[in-house]
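Data block below; observations after.
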Amino acid sequence: MAVFLVWNFFSFIQMQRRTKKVVRLEDNIWECENISSPFVVGVFRPKIYLPFRLPEEEKDFILCHEKHHIARKDNWIQLFAFFLACIYWFHPLVWLSYFAMIRDMEMSCDEAVIREMGPQIRADYSASLLRLATHKKMIAGMPLAFGEGNTKGRIMNIAKWKKPKLW
């Protein structure tokens, strides 16, 4: 348990160093040169970090996605789940459920973006995910950060998405 907590602490310090030079766009939205993938970090006052020079249309997709994480309090849920995984580090089903939960959170936010912005954006949104994934240098295993992962599964989920029936 201590190894996972110490490893996460050092990952957090490394992320802090990477995001030292930032430019504020809005309240909790920051642009940073040293990152290649957008993410949300923090529990009490979560911040959205975006890489520099994102096209405006992509910025809209990403901000919508990341704001859904914040609105649903995914940061609290992920932190709690990470601590459970640290306590039960020896149980493979706990880790399996932890990573499945993160995957489901990402796909759920993707679906929320499509629901909010319309199904016509699926191709552009998928291309944006793919482009961001090719430059990925995200720090793995951060319980306080939502990064983009499982790009192939997310794109396939977006392609199969259908508007839910009213009933």
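Some points to look at:
- Secondary structure note: in the chain, about 65% of the DSSP beta bridges are antiparallel.
- Relative contact order of the chain, pairs being alpha-carbon contacts under 8 Å that are 6 or more residues apart, as %: 28 percent
- For region 20-60, the equivalent ellipsoid built from the Cα gyration tensor has semi-axes of 16, 12, 9 Å, listed from largest to smallest.
- Kirkwood Rh, Cα atoms: Rg over Rh of region 37-94: 1.12
- About its Cα centre, the chain has a charge dipole of approximately 220 debye under the convention of +1 per Lys or Arg Cβ and -1 per Asp or Glu Cβ, with nothing else charged.
- Distance cut-off 22 Å, percentage of C-alpha pairs in region 5-119 lying past it: 41 percent
- Top of Ile13, Ile35, Ile48 by mean-square fluctuation, Gaussian network on the chain, Cα under 10 Å: Ile13
- Applying the Kirkwood pairwise sum to the alpha-carbon positions of region 85-137 produces a hydrodynamic radius of 13.1 angstrom.
- For the chain, calculated [θ]222 nm from helices alone, where every DSSP H run of n ≥ 4 adds -39500 (n - 2.57): -19000 deg cm²/dmol
Rule-based calculations on the coordinates, nothing more; no lab input. This one's a predicted model, so the numbers in the text were calculated from it and none came from an experiment. Positions of Cβ are generated from backbone atoms using ideal geometry, with glycine treated the same way; all protein chains shown enter the neighbour counts.
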